[in-house]
Amino acid sequence: MDRDTILLLHPFIAAIVVFPLIGIVVNHALQTRQRRLQVATGAKSAIPPSAGSEHVRLGRWLTGSVVGIVLIAFAVDVFGYIVDKQVWATSPFKVISIVLFFVAAIASLSFLYQAKTRLWRGVFAILTSVALIVIGSQDGVYRNDAQWYISHYYYGITASILMIFSLAIVKEIYQDRTHRWRNIHIVLNSIALLLFVGQAFTGVKSLLEIPLVWQKPYVEQLYKQQCDKMPCTVQSAPALKMPK
């Protein structure tokens, strides 16, 4: 499988797994809230009680899916850079450290799913988030820092961290009678939903901006000449003469 095909794994999984899951989770969230309000007023609700448990179950799947596709995107960018620049030959310790951060992110998220106490859920949520931030700061990751406000990377990393912490506070939501944690959950996930909508736009934009492997050296030359900021003339290479 060539690198261009691997690059499409991220948007492919987002389109067939993550965004459909977002729609289902949001639908169950609205049903859960509607049922809770109806029951609170003493009315009989037609929404089944399973809406709440399904919302939690699918939300857990959504968090894992979001973190998973982020790690896939990072892996393609970071390890592609390592291969292209032969980083292993010059900085083997750096490559080993990057691999360990990938392992740490996956392990921390797995432990977060299993953690029972608030302390350990907080610890593993922080460790997972830190691992994602460290990996995302490596060379090769397309961040578009100059336009961070419409950057697919910054939207994605923020949404991922919000999902991780929403997962970490699920038990507090059901144990807190003051509804403070429930309100925090609603605010965090409302922001995450807006970021996911932004992801749909910035993701398509990034696909247009990231060149194919064979195009990359030529596109880099265009950016070096600042052709994105000023008019410039691009001359095609002379055609090769075919041998008779």
Net +/- balance of residues flanking ARG143 in space, Cβ distance below 15 Å, scoring K and R +1, D and E -1: -3
Within the chain, helix-based [θ] at 222 nm, where runs of 4 or more DSSP H residues each add -39,500 (n - 2.57), nearest 500: -24000 deg cm²/dmol
Distance in nm between pseudo-label sites at GLN221 and TRP61 (7 Å out along the Cβ direction from Cα): 4.9 nm
Rounded FRET efficiency, nearest 0.05, which uses the C-beta distance separating VAL83 from TRP181 and R0 of 45 Å: 0.50
Under Karplus coefficients 6.51, -1.76 and 1.60, residue-wise ³J(HN,Hα) of segment 110-115 in Hz, glycine/proline x: 4, 5, 4, 4, 9, 5
Inter-part distance where segment 190-207 and segment 82-155 are each reduced to a Cα centre, Å: 20 Å
Contact order relative to length of the chain, as percent, for alpha carbon pairs under 8 angstrom and 6 or more apart: 16 percent
Charge dipole (debye, nearest 20) of the chain; +1 at Cβ of Lys and Arg, -1 at Cβ of Asp and Glu: 760 debye
Positive-end residue, the chain charge dipole about Cα centroid, Cβ charges, pick of TYR154, GLN215, VAL197: VAL197
Ordering of 151-162, 116-127 by burial proxy (mean other Cβ atoms within 10 Å per residue, highest first): 151-162, 116-127
Test item: Cα-centred dipole of segment 150-224, Lys/Arg +1 and Asp/Glu -1 on Cβ, debye: 140 debye
Degrees separating the helix 19-40 axis from the principal Cα axis of the chain, which is the longest one: 20 degrees
The chain: Rg to Rh, with Rh as the Kirkwood radius over Cα pairs: 1.08
Restraint check, LYS44/LYS171; LYS94/LYS229; LYS171/LYS205, Cα-Cα greater than 32 Å: LYS94/LYS229; LYS171/LYS205
Taking the convex hull of Cα positions in segment 13-83, its mean projected area over all directions (nm²): 5.3 nm²
Efficiency of FRET from Cβ geometry, SER50 and LYS171, R₀ 25 Å, rounded to 0.05: 0.85
Backbone N under 12 Å from the ILE210 label point (7 Å along Cα→Cβ), restricted to segment 6-32: 6-14
Integer Hz, Karplus 6.51/-1.76/1.60 couplings in order for segment 83-91, x for Gly and Pro: 5, 5, 8, 6, 5, 4, 6, 9, 9
³J(HN,Hα) computed for each position of segment 189-198 - Karplus, 6.51 cos²θ - 1.76 cosθ + 1.60, integer Hz, glycine/proline x: 6, 5, 5, 4, 4, 4, 5, 5, 4, x
Dipole axis of segment 3-224 (+1 Lys, Arg; -1 Asp, Glu on Cβ), positive-most option in SER206, TYR174, ALA29: TYR174
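No value in this document is a laboratory result; all are computed from the given coordinates. Here the structure is a predicted model, which is why all the values come from computation and not from measurement. Neighbour counts are summed over all protein chains in view; Cβ atoms, including those assigned to glycine, are modelled from backbone coordinates with ideal geometry.
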